[in-house]
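Down below is the structure, laid out as structure tokens.
The values are calculated or read from the model by the stated rules, or taken from the named source; none is laboratory data. Computed from a predicted model, the values in this text were never measured in an experiment. Don't worry about glycine lacking a Cβ; one is built from the backbone with ideal geometry, like all the others, and counts go over all protein chains shown. The area values use the complete protein model at the heavy-atom level, side chains included, leaving out ligands, DNA and RNA. Shrake-Rupley method; radii C 1.70, N 1.55, O 1.52, S 1.80 Å.
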Amino acid sequence: MKLDWMQHLIILPVLLPLLCGALLILINEKRHQFKFFVNLSSVLLQLAVAVALIHLTDSGKWTEGMGVYLAANWSAPFGIALVADRLAAMMLLLTAVLATAALLFSMLRWSRIGVHFHTLFQFLLMGINGAFLTHDLFNLFVFFEVMLAASYGLVLHGYNTNRIRAGMQYIAVNLAASLLFLIGVALIYASTGTMNMSDLAVRLVNIATTDLILLKIGVAILAIAFLVKSAMWPLGFWLPTTYSAASPPVAAMLVLMTKVGAYVILRLWLLAFSSDASAAVGFGFEALLWGGMATIVFGAAGMLASETPGRMAAYGAIISSGTLLSVIGYGQESLVTAGLYYLIGSTLAMAAFVLLIELVERIRSPGAAMLALTMEAFAIEEAPEETAGIGIPGALAFLGLAFAACALIITGLPPLSGFVAKFGLIHAMLNPEAKDTIIGTTTWVLMALIVLSGLAAIISMLRFGVRTFWASGAIAAPRLHISEVAPISLLLILCVGLTVQAGPVYEYLARTSKDLHQPTQYIHKVLDATAVPSPRKEGGTP
């Protein structure tokens, strides 16, 4: 058996940022433009690889829509397996798109206010990509630590008093979560003797009662670590302070990082605690459902109470995370499909809003003058503002339209992707897969929370918009650079495309959800993957 060369693409999302990050360390910090070009080239290559993996997993070129890469050519469960399926490829593409937008936004100013921004950015991508691809719990821990170590530096990048205070809290919370992660993995290994996710699912079928108790303790501890990173109530207290203090490009990547924990829970729980898991079937799903609903309430209350846009964005991300956790805990295939669509749209919109906040703040605070001086220091020429409509400066028109688009998507108002996502969620709950099923109280409560959280977001966003664009009196149009406008426009255009192409996207996500709810073929694909024979043995040479 020979390894298909296309399977080597699976390792590239890890190798590319690793090699690029190491190379960038060697380049002098004074060569800002060259470092930016190298960083951007790596991100665009990762984008191309993600697109290729989506094609390979969804076109039938890989059987069962899945590719397995055996690291060091050791078969599972003894070796470390990297697995690319439709879900992993989708998350890799989302990561590359957000990274491109965040990096472009940082070009003018944010990447230059400290050292090693580009190196840390690449190591962050390495950790995120590795977490999406790995099929081994300990290797997942390693990638999480790489991701978090890089994020510590990025959160503190261009430090000030608020950023240091928020960064220290962020580091302390995540170090504690990492300790719980390691303890949970150790207990799972002690009870099952494996850390390969597919092998774990197989062993759960015949696990002894005493080992099952130890396993559940380990899984519960592991879940706490993931839920801290997913910002589930009451574990997400750290997120609003961190979001509001981080620089805009870093905050945009933090939006994605909260989804990494939800991704792992979705992957592991539907694989290990499916209907084939015998005594452990359905373990933890109810806790995820009610914890997710409590998170939605917490996020909605936080949005209503927030006066600053940074904290509004943070609580909006908490609502998004709570919705996803509730979807996972609900345990319905069609609802997971709608939840994945919601994940994509909400992540793109929230990242665009986080980047937009910094531009909007230029017309609200005296700091705009300082930003203008900074732009002049980098030789950015001032050009007269063009007008749009009836005497509205072009910059203000862009900010107003971009804010309106973000508000529509985040709140779930028609006609953009936020409305399509929430309509899909409610439609799935009103149409259960089992016939003659009575819609229970829990379902009605979850639907009400989804609607009411959107109402809270409408009130909060409308209040901020009125105060900024209408009630603040005469405002001067800020100067915007193309590197700031382009990434926000890119993310919002993708949200529009997500709305226009909702049919094909939903079909792709339906296939993704179907794969997740049929773990048997997934398990066989991983455990049956064989190592490549050495050329000597294959050719018969001793």
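Kindly provide the set of residues from the range 148-165 that are outside any loop (DSSP other than H, G, I, E, B) and surrounded by 19 or more Cβ atoms within 10 Å (Cβ to Cβ), ordered by number.
Leu148, Ala150, Ser151, Gly153, Leu154, Val155, Arg163
Residue-by-condition table, conditions (1) surrounded by 14 or more Cβ atoms within 10 Å (Cβ to Cβ); (2) among the charged types (D, E, K, R); (3) at pLDDT 75 or above:
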| residue | (1), (2), (3) |
| --- | --- |
| Arg364 | yes, yes, no |
| Gly391 | no, no, no |
| Ser417 | yes, no, yes |
| Leu430 | no, no, yes |
| Leu446 | yes, no, yes |
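Being open to solvent by 40 Å² or more (accessible area, probe 1.4 Å), touching a helix residue (DSSP H, G or I) at 6+ places or on another chain (Cβ under 7 Å) and closer than 29 Å to Asp85 by Cα is the requirement here; does Val185 meet it?
Taking the combined requirement at face value, the residue does not satisfy it.
Please state which one of Gly218, Gly158, Gly153 is at pLDDT 85 or above and under 19 Å from Ala246 (Cα atoms).
So the residue among Gly218, Gly158, Gly153 that is at pLDDT 85 or above and under 19 Å from Ala246 (Cα atoms) is Gly153.
Would you be able to tell me the number of residues in the range 232-272 that are at pLDDT 85 or above, over 22 Å from Val485 (Cα atoms) and of a type in the set (Gly, Ala, Ser)?
2
Does Ile488 satisfy the condition of being modelled with pLDDT under 85, touching a helix residue (DSSP H, G or I) at 6+ places or on another chain (Cβ under 6 Å) and not in a loop (DSSP other than H, G, I, E, B)?
So Ile488 fails the test.
Which of the numbered conditions does Ile217 fail, given that it passes all the others? Conditions: (1) in a helix (DSSP H, G or I); (2) open to solvent by 10 Å² or more (accessible area, probe 1.4 Å); (3) closer than 21 Å to Leu148 by Cα.
(3)
Is the range 111-118 home to any residue that is under 16 Å from the mean Cα position of the chain (by Cα) and open to solvent by less than 10 Å² (accessible area, probe 1.4 Å)?
Within the range 111-118, not a single residue is under 16 Å from the mean Cα position of the chain (by Cα) and open to solvent by less than 10 Å² (accessible area, probe 1.4 Å).
List every residue pair whose Cβ atoms lie under 8 Å apart, where the two residues are 6 or more positions apart in sequence or sit on different chains, the first residue falls within the range 19-30 and is within 12 Å of His116 (Cβ to Cβ), and the second residue, located anywhere, is at pLDDT below 85.
Going by the 8 Å Cβ cut-off, the qualifying pairs are Leu24/His116; Ile25/His116; Glu29/Val115; Glu29/His116.
Looking at the structure I just gave you, is Ala81 without any contact (Cβ under 8 Å) to a residue 12 or more places away in the chain and either out of contact with any Cys (no Cβ under 9 Å at 6 or more places or on another chain) or under 26 Å from Glu507 (Cα atoms) (or both)?
no
Filter the range 202-211 down to the residues that are in contact with a Leu (Cβ under 8 Å, 6 or more places away or on another chain) and open to solvent by 10 Å² or more (accessible area, probe 1.4 Å) and list them by number.
Those that are in contact with a Leu (Cβ under 8 Å, 6 or more places away or on another chain) and open to solvent by 10 Å² or more (accessible area, probe 1.4 Å): Val202, Ile207.
Could you please let me know if Ile224 is crowded, with 24+ Cβ neighbours inside 10 Å and more than 17 Å from the chain's Cα centre (by Cα)?
no
Report, by residue number, each residue of the range 290-307 that is touching a residue at least 40 places away in the same chain (Cβ under 8 Å) and among the small types (Gly, Ala, Ser).
Correct list: Gly291, Gly292, Ala294, Gly299, Ala300, Ala301, Gly302, Ser306.
Determine, yes or no, whether Gly454 is modelled with pLDDT of 80 or more, open to solvent by less than 70 Å² (accessible area, probe 1.4 Å), within 25 Å of Ala101 (Cβ to Cβ) and not aliphatic (A, V, I, L, M).
Yes, satisfied.
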